[in-house]
Amino acid sequence: MGNAFSICFTNTAVSTAKTLIFINPGTTRPIRIIELGMSQSGSTTSAIQRVQAVRQVSAFPTLTSFTPRALTNDATSVIIGGTAGAAGTCGIADVATGAEGAGAKTVLWEDDWNVVNGSWRWVGGPKGIVLPASSSSGFGLYIPATAGGGSITYSAYLHFEEVD
């Protein structure tokens, strides 16, 4: 079992369709998506939020660089922060100026939750989703629209493991 890491999108207002978290495996090690989650703060209006787990190829979203945080030990990830979705990098939504990129998004699955009823969470179990080393696609947590069509303050996370 490899070391586990977290990527966090924290308490940020979002008003359009957006990839909240994106990770692209590097050339040396596969990664396994273990868990995804999101919540909102600031809205007391009942509204349904759609969320999608997606794979995206080529023209990736514009991101804000995020350095993965170790969940086990004081390990350093082979994935580094990046702004362009390149291989071996990860990042969080650039809500001010970020574009979604022209690459096609393949929806792996879609779910929804009511924003006033807690949070949304997906747990991958022991196998999770494995992204092979040197993959041509990255993985994202994407919202196709904001709940109710307005600005909502979201937090989200993606936990991953580096596969030995």
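Would you point out the residue of the stretch 96-116, among those that are in contact (Cβ under 8 Å) with a residue 12 or more places away in the chain and more than 23 Å from Val57 (Cβ to Cβ), that is surrounded by the most Cβ atoms within 10 Å (Cβ to Cβ)? Steps first, please.
Filtering the stretch 96-116 down to residues in contact (Cβ under 8 Å) with a residue 12 or more places away in the chain leaves 97-116.
Those still in the list that are more than 23 Å from Val57 (Cβ to Cβ) too: 112-116.
Values: Asp112: 12, Trp113: 19, Asn114: 12, Val115: 25, Val116: 12.
Filtering first and then ranking leaves Val115.
Where in the stretch 80-157 are there strands (runs of 3 or more DSSP E), lying fully within it, with 2 or more residues that are of a type in the set (Lys, Arg), over 18 Å from Asn11 (Cβ atoms) and modelled with pLDDT under 90? Even if it seems obvious, please write down each step before you answer.
Numbers: elements: 89-93, 105-114, 120-123, 129-131, 137-143.
Correct list: empty, since no element meets the threshold.
Kindly list, by first and then second residue, each pair from a residue in the stretch 38-53 that is polar (S, T, N, Q) to a residue that is not in a strand (DSSP E or B), limited to pairs with Cβ atoms under 6 Å and residues at least 6 apart or on different chains.
Pairs that qualify, where the first residue is polar (S, T, N, Q) and the partner is not in a strand (DSSP E or B), are Ser39/Ser119; Gln40/Val115; Ser43/Val115; Ser46/Val116; Gln49/Val115; Gln49/Ala147.
Of everything in the stretch 16-27, what is crowded, with 18+ Cβ neighbours inside 10 Å and of a type in the set (S, T, N, Q)? Give them in sequence order. Break it down into steps so the answer makes sense when it comes.
Looking only at the stretch 16-27, we keep the residues that are crowded, with 18+ Cβ neighbours inside 10 Å, and these are 18-26.
Result: Thr19, Asn24.
What tally of residues in the stretch 1-13 results from selecting those that are touching a Ser or Thr at 6+ places or on another chain (Cβ under 8 Å) and surrounded by fewer than 20 Cβ atoms within 10 Å (Cβ to Cβ)? Spell out the reasoning first.
Step one: filter the stretch 1-13 for residues touching a Ser or Thr at 6+ places or on another chain (Cβ under 8 Å), giving 3-5, 8-13.
Subsequent filtering for residues that are surrounded by fewer than 20 Cβ atoms within 10 Å (Cβ to Cβ) retains 3, 8, 10-13.
Total satisfying the criteria: 6.
For residues that are under 17 Å from the mean Cα position of the chain (by Cα) and among the small types (Gly, Ala, Ser), scanning just the stretch 28-57, find the one that is surrounded by the most Cβ atoms within 10 Å (Cβ to Cβ).
Going residue by residue through the stretch 28-57, those that are under 17 Å from the mean Cα position of the chain (by Cα) are 30-40, 49-57.
So of that shortlist, the ones also among the small types (Gly, Ala, Ser) come out as 37, 39, 53.
Details: Gly37: 16, Ser39: 17, Ala53: 20.
So the residue we want is Ala53.
Would you pick out the residues in the stretch 55-69 that are among the small types (Gly, Ala, Ser) and out of contact with any strand residue (DSSP E or B) (no Cβ under 6 Å at 6 or more places or on another chain)?
Step one: list which residues in the stretch 55-69 are among the small types (Gly, Ala, Ser), which gives 58-59, 65.
Ser58, Ala59, listed by residue number.
The values are calculated or read from the model by the stated rules, or taken from the named source; none is laboratory data. Because the structure is a prediction, the values reported are computed rather than measured. Backbone-built Cβ (ideal geometry, glycine too); neighbour counts: all protein chains shown.
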